[in-house]
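> Dumping the structure here so I can ask a few things about it.
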Amino acid sequence: MTKVNLELDNLDEVFPSDFSEEQKAKAKTLFLKKLAEDSHNFYGGKIQTAPKAGVFGFNWFNVWYTPGVSKISTTIRDDNDRSYELSNRGNLVAVVSDSTRVLGDGDVTPPGGLGVMEGKAFLMKYLGGVDAVPLCIDSRNEEGEKVADTIIEFVERVQHSFGAINLEDISQPKCYKVLDALQEKCNIPVWHDDAQGTACVTLAGLTNALKLADKEISRAKIVFLGAGASNTTIARIIISAGGNPENMIMFDSTGSLDTDRRDLEENPDFYRKWELCQKTNPDKVKDFDKAMEGADVLIALSKPGPDTVKPESISLMADKSIVFTCANPVPEIYPYAAKEAGAFIAATGRGDFPNQVNNSLGFPGILKGALMVRARKVTDNMAIAAAESLAKFAEKRGINPNNIVPTMDEAGVFPYEAADVAMQAIKDGVARIEMSYEEAYDKAKKDIEYARSMSKSLTDEGFIDRPPEKLLNEALAFAIKEVE
């Protein structure tokens, strides 16, 4: 058995040669989950608080704290905007979740979301040079119901400590109300990454996939499977970017979205879904396979697979079809199966398959761009600008059916994206300060390089231990045994 290396870049080579593609895919999932549990236990989580200012002698404590810090308090009291300069607020994001819709695992209780929220903070720092704090809160009342107003009030009160809010893993339908209310109530950007972030990166991937397929977004027939916060926002952003809603059909767990869905019309909590009922599927197609006939694109964010979408359904699609199956942790259909069924391009949300369409490409650069100009909100135009930025970056360095979007290890994409978002914020009139494109790009690049260099230095100097080889090999042996 080949040993897995520390970089984890040889995962396709470490499993038995007689494993099928399905067995390898299952084994990789099991390996990554087992390694995640053991590694988190080894490190005790994955983020920490570290000072950014030095202690050069005993009296510096009197500068950073009392009595000197009194001047900072009174200065900010007289001009709250100085908090962006005199504290870390200008580069600090709160990652807020009630942990009611975490990945494909659903409600995992408030502390159950910490692994994901810490991961979000980790990626923000390493990819975007942005500091972040995970805040997992309890939105339930005494009867166990989940209440949107609890989250809204919490964020509205805590906003003064942060430059932006990243909402995460909040179940529908309350996620719609929470985002829309907070965007109005808060004077800082409130961003729902499951919705706007996923929509941004999906649009970027779709843009380049359509180019490779020689198809136009305005004419593309698009089927959506799943109608949660992610897919409903993806549809809205695609429409804003030029997609024709009359060429779109969306399915939820009950059926297709159209004007016959009185259950949605009569439930004000699902107003975002009802909006799509009125705009899409004018022919009221009810059957999923009927909708798939001649479809150019499938975008699925629904039930984890691998059998949620059948190969037979993919085979009904048009020539050079595009299949995005992005359920976590297992896609609705594995990419190899989608391609065997006729897909021209297949994408998932996972980094161990080609074409990772994952919001981790979006939020570090988008929030960095918003923070740099002290934006009051993140507009749809800013999300579309980020999508165009990602698509252009990938196209410039070269795209093909197995490489339609940048990857997280392409460090150059994030300052490029951040600068484009900052410029769009200025154009949309939501920025408190203005800067040139060059200034925005240089600042983002400097901050991201600082974060990466700090991480490398901590590892090189031994402040971050390397995981023992035993940890990796035990996880690999476990995964192989489970699949055999």
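> Across the range 90-104, which residue is surrounded by the fewest Cβ atoms within 10 Å (Cβ to Cβ) among those that are among the polar types (S, T, N, Q) and more than 21 Å from Lys125 (Cβ to Cβ)?
Just the residues of the range 90-104 that are among the polar types (S, T, N, Q), to begin with: 91, 97, 99-100.
Adding the requirement that they be more than 21 Å from Lys125 (Cβ to Cβ) leaves 99-100.
Values: Ser99: 26, Thr100: 22.
Filtering the range 90-104 for residues that are among the polar types (S, T, N, Q) and more than 21 Å from Lys125 (Cβ to Cβ), the one surrounded by the fewest Cβ atoms within 10 Å (Cβ to Cβ) comes out as Thr100.
> Which of the residues belonging to the range 249-308 are over 19 Å from Cys175 (Cβ atoms) and polar (S, T, N, Q)?
Those that are over 19 Å from Cys175 (Cβ atoms) and polar (S, T, N, Q): Ser256, Thr259, Gln278, Thr280, Asn281, Thr308.
> Determine whether the range 198-219 contains at least one residue that is outside any loop (DSSP other than H, G, I, E, B), at pLDDT 95 or above, basic (Lys, Arg) and more than 30 Å from Ala94 (Cβ to Cβ).
Scanning the range 198-219, I find at least one residue that is outside any loop (DSSP other than H, G, I, E, B), at pLDDT 95 or above, basic (Lys, Arg) and more than 30 Å from Ala94 (Cβ to Cβ), so the answer is yes.
> For the range 4-61, which positions are touching a helix residue (DSSP H, G or I) at 6+ places or on another chain (Cβ under 6 Å), in a helix (DSSP H, G or I) and not acidic (Asp, Glu)?
Scanning the range 4-61 gives Gln23, Lys26, Ala27, Leu30, Phe31, Lys34, Leu35.
> Which members of the range 424-440 meet the condition of being part of a helix (DSSP H, G or I) and touching a residue at least 24 places away in the same chain (Cβ under 8 Å)? Walk me through how you get there before you give the answer.
If we filter the range 424-440 for residues that are part of a helix (DSSP H, G or I), which is where we start, we get 424-428, 437-440.
Those that are part of a helix (DSSP H, G or I) and touching a residue at least 24 places away in the same chain (Cβ under 8 Å): Gln424, Ala425, Ile426, Lys427, Asp428, Ala440.
> Ok, one more. Within the range 12-33, can you find the residues that are under 27 Å from Thr459 (Cα atoms), surrounded by fewer than 17 Cβ atoms within 10 Å (Cβ to Cβ) and in contact (Cβ under 8 Å) with a residue 12 or more places away in the chain?
Correct list: Asp12, Lys33.
> Moving to a separate point now. Taking into account only those residues within the range 145-191 that are among the charged types (D, E, K, R) and assigned to a loop (DSSP other than H, G, I, E, B), which is modelled with the lowest pLDDT? Can you show your working first?
Step one: of the range 145-191, the residues among the charged types (D, E, K, R) are 145-146, 149, 153, 156-157, 168-169, 174, 177, 180, 184-185.
Now restrict to residues that are assigned to a loop (DSSP other than H, G, I, E, B): 145, 168-169.
On the way: Glu145: 65, Glu168: 93, Asp169: 92.
Looking at the filtered set, the residue picked out is Glu145.
> Kindly indicate whether any position in the range 62-80 is touching a residue at least 40 places away in the same chain (Cβ under 8 Å), surrounded by fewer than 13 Cβ atoms within 10 Å (Cβ to Cβ) and either farther than 30 Å from Tyr336 by Cα or not polar (S, T, N, Q) (or both).
Of the range 62-80, the ones touching a residue at least 40 places away in the same chain (Cβ under 8 Å) are 80.
Checking which are surrounded by fewer than 13 Cβ atoms within 10 Å (Cβ to Cβ) leaves us with 80.
Those left that are additionally either farther than 30 Å from Tyr336 by Cα or not polar (S, T, N, Q) (or both): 80.
Within the range 62-80, one or more residues are touching a residue at least 40 places away in the same chain (Cβ under 8 Å), surrounded by fewer than 13 Cβ atoms within 10 Å (Cβ to Cβ) and either farther than 30 Å from Tyr336 by Cα or not polar (S, T, N, Q) (or both).
> Suppose we filter Gly294, Gly342 for residues that are touching a residue at least 40 places away in the same chain (Cβ under 8 Å), more than 25 Å from the chain's Cα centre (by Cα) and surrounded by fewer than 17 Cβ atoms within 10 Å (Cβ to Cβ); which single one remains?
Going through Gly294, Gly342 in turn, just one is touching a residue at least 40 places away in the same chain (Cβ under 8 Å), more than 25 Å from the chain's Cα centre (by Cα) and surrounded by fewer than 17 Cβ atoms within 10 Å (Cβ to Cβ): Gly294.
> Whether any residue in the range 110-129 is in a loop (DSSP other than H, G, I, E, B) and closer than 26 Å to Leu371 by Cβ is what I want to check.
Taking the range 110-129 first, the residues in a loop (DSSP other than H, G, I, E, B) are 129.
Of the ones still in play, those that are also closer than 26 Å to Leu371 by Cβ are 129.
Scanning the range 110-129 turns up at least one residue that is in a loop (DSSP other than H, G, I, E, B) and closer than 26 Å to Leu371 by Cβ.
> Read through the list (1) among the charged types (D, E, K, R); (2) surrounded by fewer than 16 Cβ atoms within 10 Å (Cβ to Cβ); (3) touching a residue at least 40 places away in the same chain (Cβ under 8 Å); (4) closer than 27 Å to Thr379 by Cα, then give the number of the only condition that Asp214 fails.
(4)
> Among the residues of the range 214-248, count how many are of a type in the set (A, V, I, L, M, F, W, C), closer than 25 Å to Cys175 by Cα and touching an Asp or Glu at 6+ places or on another chain (Cβ under 6 Å). Steps first, please.
First, the residues of the range 214-248 that are of a type in the set (A, V, I, L, M, F, W, C): 217, 220, 222-225, 227, 229, 234-235, 237-239, 241, 248.
Checking the rest, the ones that are also closer than 25 Å to Cys175 by Cα come to 222-225, 227, 229, 234-235, 237-239, 241, 248.
Imposing the further condition that a residue be touching an Asp or Glu at 6+ places or on another chain (Cβ under 6 Å) reduces the set to 227, 229.
The number of residues fulfilling the criteria is 2.
> Further question on the same structure: If you take the residues in the range 131-144 that are assigned to a loop (DSSP other than H, G, I, E, B), under 20 Å from Leu103 (Cα atoms) and not charged (D, E, K, R), which one is nearest to the chain's Cα centre (by Cα)?
First pass over the range 131-144, keeping only residues assigned to a loop (DSSP other than H, G, I, E, B): 137-139, 141-144.
Retained after the next criterion (residues that are under 20 Å from Leu103 (Cα atoms)): 137-139.
If we keep only those that are not charged (D, E, K, R) too, we end up with 137, 139.
Numbers: Ile137: 20, Ser139: 22 Å.
Residue satisfying both the conditions and the ranking: Ile137.
> Further question: Taking the range 382-423 as the region of interest, how many residues are assigned to a helix (DSSP H, G or I), under 20 Å from the mean Cα position of the chain (by Cα) and crowded, with 19+ Cβ neighbours inside 10 Å? Lay out the reasoning, then the answer.
Initially, the range 382-423 is screened for residues assigned to a helix (DSSP H, G or I), giving 382-397, 413-423.
From the residues that got through so far, the ones that are under 20 Å from the mean Cα position of the chain (by Cα) too are 382-394, 413-422.
Applying the additional criterion that residues be crowded, with 19+ Cβ neighbours inside 10 Å yields 382-387, 389-391, 393-394, 413-422.
Within the range 382-423, residues that are assigned to a helix (DSSP H, G or I), under 20 Å from the mean Cα position of the chain (by Cα) and crowded, with 19+ Cβ neighbours inside 10 Å number 21.
> Residue check, Phe224 against (1) in a helix (DSSP H, G or I); (2) modelled with pLDDT of 95 or more; (3) surrounded by 15 or more Cβ atoms within 10 Å (Cβ to Cβ), all met but one. Which one?
Single failed check for Phe224: (1).
> Residue by residue through the range 303-319, note down the ones that are assigned to a loop (DSSP other than H, G, I, E, B) and at pLDDT 95 or above.
Selection gives Thr308, Val309, Lys310, Ser315, Leu316, Met317, Ala318, Asp319.
> Still on this structure, please answer the following. Could you tell me which of the residues Asp263, Asp283, Asp269 is farther than 18 Å from Ile384 by Cα, of a type in the set (Asp, Glu) and either crowded, with 23+ Cβ neighbours inside 10 Å or touching a residue at least 40 places away in the same chain (Cβ under 8 Å) (or both)?
Testing whether each residue is farther than 18 Å from Ile384 by Cα, of a type in the set (Asp, Glu) and either crowded, with 23+ Cβ neighbours inside 10 Å or touching a residue at least 40 places away in the same chain (Cβ under 8 Å) (or both) leaves just Asp269.
> Moving on. Outside any helix (DSSP H, G or I) and either touching a Ser or Thr at 6+ places or on another chain (Cβ under 8 Å) or buried (at least 24 other Cβ atoms within 10 Å of the Cβ) (or both): is that true of Ala347 in this structure? Walk me through it before giving the result.
On the way: outside any helix (DSSP H, G or I): yes; either touching a Ser or Thr at 6+ places or on another chain (Cβ under 8 Å) or buried (at least 24 other Cβ atoms within 10 Å of the Cβ) (or both): yes.
Answer is yes for this residue.
> When you scan the range 78-122, how many residues do you find that are among the aliphatic types (A, V, I, L, M), touching a strand residue (DSSP E or B) at 6+ places or on another chain (Cβ under 7 Å) and within 15 Å of Gly197 (Cβ to Cβ)? Spell out the reasoning first.
In the first step, residues of the range 78-122 are kept if they are among the aliphatic types (A, V, I, L, M); the result is 86, 92-96, 102-103, 108, 114, 116-117, 121.
Checking the rest, the ones that are also touching a strand residue (DSSP E or B) at 6+ places or on another chain (Cβ under 7 Å) come to 92-96, 108, 114, 116-117, 121.
Restricting the remaining residues to those that are within 15 Å of Gly197 (Cβ to Cβ) gives 93, 95-96, 116-117, 121.
Number of matching residues: 6.
> Taking Glu332, is it of a type in the set (Asp, Glu), touching a residue at least 12 places away in the same chain (Cβ under 8 Å) and surrounded by fewer than 21 Cβ atoms within 10 Å (Cβ to Cβ)?
On the way: of a type in the set (Asp, Glu): yes; touching a residue at least 12 places away in the same chain (Cβ under 8 Å): yes; surrounded by fewer than 21 Cβ atoms within 10 Å (Cβ to Cβ): no.
It is false that Glu332 is of a type in the set (Asp, Glu), touching a residue at least 12 places away in the same chain (Cβ under 8 Å) and surrounded by fewer than 21 Cβ atoms within 10 Å (Cβ to Cβ).
> Also, I was wondering about something else. Kindly indicate whether any position in the range 231-240 is more than 18 Å from the chain's Cα centre (by Cα) and under 24 Å from Val378 (Cβ atoms).
Let us first name the residues in the range 231-240 that are more than 18 Å from the chain's Cα centre (by Cα), namely 239-240.
Filter again for under 24 Å from Val378 (Cβ atoms), leaving 239-240.
Yes, the range 231-240 contains at least one residue that is more than 18 Å from the chain's Cα centre (by Cα) and under 24 Å from Val378 (Cβ atoms).
> Which one of the conditions (1) crowded, with 23+ Cβ neighbours inside 10 Å; (2) outside any loop (DSSP other than H, G, I, E, B); (3) at pLDDT below 95; (4) not acidic (Asp, Glu) does Ala327 fail to meet, given that it meets all the rest?
Among (1) crowded, with 23+ Cβ neighbours inside 10 Å; (2) outside any loop (DSSP other than H, G, I, E, B); (3) at pLDDT below 95; (4) not acidic (Asp, Glu), the lone unmet condition for Ala327 is (2).
The values are calculated or read from the model by the stated rules, or taken from the named source; none is laboratory data. All figures in this text were calculated on a predicted structure; none of them were measured in a lab. Because the Cβ atoms are built from the backbone with ideal geometry, glycine has one as well, and the counts that use them run over all protein chains shown.
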